[in-house]
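Structure record follows, encoded as structure tokens.
The values are calculated or read from the model by the stated rules, or taken from the named source; none is laboratory data. Keep in mind that what you see is a predicted model, and the values were worked out from it rather than measured. Cβ atoms come from the backbone with ideal geometry, glycine included; neighbour counts cover every protein chain shown.
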Amino acid sequence: MMKRLLPFVLLAGAMSPFACAAPPALPLDDRQALIETLLERMTLAEKIGQLRLISIGGDMPRERIVEEIAAGRIGATFNSVTRADNRPMQEAALRSRLGIPIFFAYDVVHGHRTIFPISLALASSWDLDAIALSGRVSAIEASADGLDLTFAPMVDITRDPRWGRTSEGFGEDPYLVSQIAGTLVRAYQGERLSAADSVMASVKHFALYGAVEGGRDYNVVDMSPQRMYQDYLPPYRAAVDAGAGGVMVALNTVNGVPASANRWLLRDLLRDDWGFRGLNISDHGAIDELLRHGVARDGREAARLAIEAGIDLSMHDSLYLQELPGLVERGEVPLELIDQAVGRVLGAKYDLGLFHDPYRRIGRAVDDPAEVNAESRLHREAARQVARESLVLLENRGQTLPLRRDARIALVGPLADSPVDMLGSWSAAGVAAQAVTLRQGLERALGKDGRIIHARGANVTDDAGMIKYLNFLNWDRPEVVQDPRPPQAMIDEAVRAAREADVIVAALGEARGMSHESSSRTSLTLPASQQALLEALVATGKPLVVVLMNGRPLQLGWVREHADALLETWFTGTEGGNAIADVLFGAHNPSGKLPISFPRSVGQIPTYYNHPRLGRPYVEGRPGNYTSQYFEEPNGALYPFGYGLSYTEFELSKPQLSQRELKRGQRLEVSVTVKNSGARAGATVVQLYLQDLVGSSVRPVKELKRFEKIRLEPGETRVVRFTLGEDDLRFHDARLDYVAEPGEFEVQLGLDSRAVQSERFELL
């Protein structure tokens, strides 16, 4: 690509009708000097324009947005995802009086054109290299379409699976989610943020969004500071420490104050305590929503609260444009606040390399892809590799899996051949027609003597109200398409297929829209249509493999009791069908582990493994009154955090400690011997948990502190070593001091959070 002229502002200035002479060139080699120079040259209106993040839409058609950009009234856009679409907007920005480039943003959450498994599935891999691969490929593809920034990663801790956005996050554990947060920030942003194949990460949703009351989207969050600091804030901090250029602010309240108006959250904590110097971005329409929250009387007050709190970039609202000029002129908002926010926007553009080359990611028109959805632009092998690692084997009685390649397989269920549902929520620029369904994957993997007998068996749901809701946002192309046949006729067809087959594979779960923003649920059971199908299949007596497709933990007690094998696949992305087939036929040995606990019922939510200790704890196998329990069903998770089976068997020795006493500043080595005692090569995740036995505050029953995924051949033995220090023992006490208190600690090693072996040491 031809090198762009660096002093492009000279040309822009010369073309301006307001300029008598071109201004001096910008100091491109000095970030702060460039920012200060532009701030001196900008009018108040131009400054406010830089604070607006606007999308093409019904209220802002393409022609108008180009005009607004050229007039200096828009600083960035989102949801425009091709080079051909973005180039005219960048050209318009360079025609503005000062020629300040804009940047382009999009929700690249788990892939761009190649769709990887949903975030919850990525976390199930417990494989940071695989997760990094998904992020790097996403950045490469997004930047190749002219995008500069992604609204990701989403690192909200989730302990209530009723929340629809559970699918977007990485589960319930602060340590695991923090590790993933840092990994993805580094993957998106690459070695240099200014590189043409890097995009800026904006971690979301700051803060505590996953803790909304009742699992209901956009609801309030009321949380003790101690729990906030200990459990919910660490992943955001990890993303900031990894160098995230942006932070997207949450839509919920935080202890009575909306996040978008929360000065303590955005200034005192994020900037003063954590040292964040990047860009704060509001969520969609959040500043307008301050009126409905009831903390702002009118638009003027809403704009003032947001800018004072620290919202730099306003997404999809007009209040900054309408109200900030008057607020500054009346002295109600200091110009200094505006300059600080504008400086951070300009700094982000500088870091992205846009002042040196505004077309760094857009490129030349002559180099645009002939077909944006071309197969050659996909990274299928990477998607398949990552998807295989994300699958979690929950049950496998009698070695039902792997399947024989010469088997007659009855493939039934509404999700067996649904390309759009393979992609999951927030699938960016992914094309459903390019996704491999389970049916396609099985057909490709089946041997010449095998046979697939396909029958739909049921609709995802027969609830008319639910269908209407799920199709509401897709009125022009409904995603949930009903088979018009009577339910019993569909079940009868599936039963006939089952009777012809050696084994049944049932693809059941949720349509992707059921695990999405604004898709909170009151029930986690399979829809009645699918449950009826499942009961009919069980009645045939044929071996039954249930392949789950879903974006949250489901209530699976009945399924667990009656299925011979149960494979959690989540939503697996573009190569999902091939990846699932790889596991079902044994070409890949499953190694995924749950990043979130599965409750037995909705009534037991929240069910998470690292809950605080109690004075009257329930002890399994020791029933009695006056303990913390539900008396009408078993207690504890159906499937615990960290759980997942394999086609082989792994044995762990008792953990060994390098010493029994740990002095401040010293390190402690914990080792454990792992043996593959089965007949197949496979991988597993060794998990290390700590319990602080006595603390000044009530401490959790255990906390994940380390993990390592290892691969072993049959009969192979390996020693896994972990190193712990004083920092690993720290917690926020009642005064929010970050302390490591002397006393006894228990080290727990296992292949899930429940089945562990332990040893003790003392911090002196």
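Observations on the structure shown:
- Only one entry in 145, 241, 217, 231 is in contact (Cβ under 8 Å) with a residue 40 or more places away in the chain and within 28 Å of residue 377 (Cβ to Cβ), namely 145.
- Selection status of residue 171, small (Gly, Ala, Ser), in a loop (DSSP other than H, G, I, E, B), outside the structural domain of residue 572 (by TED's automatic domain parsing) and closer than 21 Å to residue 700 by Cα: yes
- Odd one out for residue 687 among (1) at pLDDT below 95; (2) assigned by TED's automatic domain parsing to the domain that holds residue 742; (3) polar (S, T, N, Q): (1)
- Scanning segment 190-243 for residues that are assigned to a loop (DSSP other than H, G, I, E, B) and either within 22 Å of residue 261 (Cβ to Cβ) or in contact with a Cys (Cβ under 7 Å, 6 or more places away or on another chain) (or both) gives 207, 208, 212, 216, 217, 218, 219, 220, 222, 223, 224, 233.
- Given (1) assigned to a helix (DSSP H, G or I); (2) under 16 Å from residue 168 (Cβ atoms); (3) aromatic (Phe, Trp, Tyr), index of the condition residue 558 fails: (2)
- Out of 523, 529, one residue alone is under 28 Å from residue 451 (Cα atoms) and among the hydroxyl-bearing types (Ser, Thr, Tyr). It is 529.
- Note on segment 93-133: residues that are assigned to a helix (DSSP H, G or I), farther than 23 Å from residue 351 by Cα and not hydrophobic (A, V, I, L, M, F, W, C) total 3.
- Checked against (1) assigned to a helix (DSSP H, G or I); (2) closer than 29 Å to residue 167 by Cβ, residue 89 passes all but a single condition, namely (2).
This table checks each residue for (1) part of a helix (DSSP H, G or I); (2) at pLDDT below 80; (3) not aliphatic (A, V, I, L, M).
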position: 3; (1), (2), (3): no, yes, yes
position: 14; (1), (2), (3): yes, yes, no
position: 21; (1), (2), (3): no, yes, no
position: 36; (1), (2), (3): yes, no, yes
position: 40; (1), (2), (3): yes, no, yes
position: 54; (1), (2), (3): no, no, no
position: 63; (1), (2), (3): yes, no, yes
position: 69; (1), (2), (3): yes, no, no
position: 73; (1), (2), (3): no, no, yes
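- Residue match in segment 90-110 (condition: without any contact (Cβ under 8 Å) to a residue 24 or more places away in the chain and either more than 21 Å from residue 200 (Cα to Cα) or touching a helix residue (DSSP H, G or I) at 6+ places or on another chain (Cβ under 7 Å) (or both)): yes
- Checked against (1) touching a Gly at 6+ places or on another chain (Cβ under 6 Å); (2) closer than 22 Å to residue 549 by Cβ, residue 184 passes all but condition (2).
- Among the residues making up segment 421-475, those that are hydroxyl-bearing (Ser, Thr, Tyr) and out of contact with any strand residue (DSSP E or B) (no Cβ under 7 Å at 6 or more places or on another chain) are 425, 437, 461, 469.
- Residue match in segment 399-415 (condition: part of a helix (DSSP H, G or I) and under 16 Å from residue 118 (Cα atoms)): no
- Residue check, residue 755 free of Cβ contacts under 8 Å to residues at least 12 places away in the same chain and over 27 Å from the mean Cα position of the chain (by Cα): yes
- Residue match in segment 669-684 (condition: in contact with a helix residue (DSSP H, G or I) (Cβ under 9 Å, 6 or more places away or on another chain), in contact (Cβ under 8 Å) with a residue 12 or more places away in the chain and outside any loop (DSSP other than H, G, I, E, B)): yes
- Scanning segment 357-386 for residues that are β-branched (Val, Ile, Thr) and either in a helix (DSSP H, G or I) or modelled with pLDDT under 95 (or both) yields 366, 386.
- Unmet requirement for residue 86, which otherwise passes all of (1) modelled with pLDDT under 95; (2) in contact with a strand residue (DSSP E or B) (Cβ under 8 Å, 6 or more places away or on another chain): (1)
- Residue that is touching a strand residue (DSSP E or B) at 6+ places or on another chain (Cβ under 7 Å) and either surrounded by fewer than 18 Cβ atoms within 10 Å (Cβ to Cβ) or closer than 22 Å to residue 175 by Cα (or both), where the choices are 619, 670: 670
- Inter-residue pairs, beta-carbon under 7 Å, first over 16 Å from residue 244 (Cα atoms) and in segment 257-282, second among the polar types (S, T, N, Q) and part of a loop (DSSP other than H, G, I, E, B), 6+ apart: 259/252; 260/282
- Residues satisfying the stated conditions in segment 581-622, i.e. of a type in the set (S, T, N, Q) and closer than 19 Å to residue 214 by Cβ: 597, 601, 604, 607
- So residue 690, is it free of Cβ contacts under 8 Å to residues at least 60 places away in the same chain, crowded, with 19+ Cβ neighbours inside 10 Å and within 21 Å of residue 643 (Cα to Cα): yes
- Any hit, segment 436-449, residues being hydroxyl-bearing (Ser, Thr, Tyr), closer than 23 Å to residue 533 by Cβ and part of a loop (DSSP other than H, G, I, E, B): yes
- Lone unmet requirement of (1) under 36 Å from the mean Cα position of the chain (by Cα); (2) more than 28 Å from residue 214 (Cα to Cα); (3) surrounded by 14 or more Cβ atoms within 10 Å (Cβ to Cβ) for residue 519: (2)
- Applying the set (1) assigned by TED's automatic domain parsing to the domain that holds residue 540; (2) touching a strand residue (DSSP E or B) at 6+ places or on another chain (Cβ under 8 Å); (3) in a loop (DSSP other than H, G, I, E, B) to residue 354 leaves exactly one unmet item: (1).
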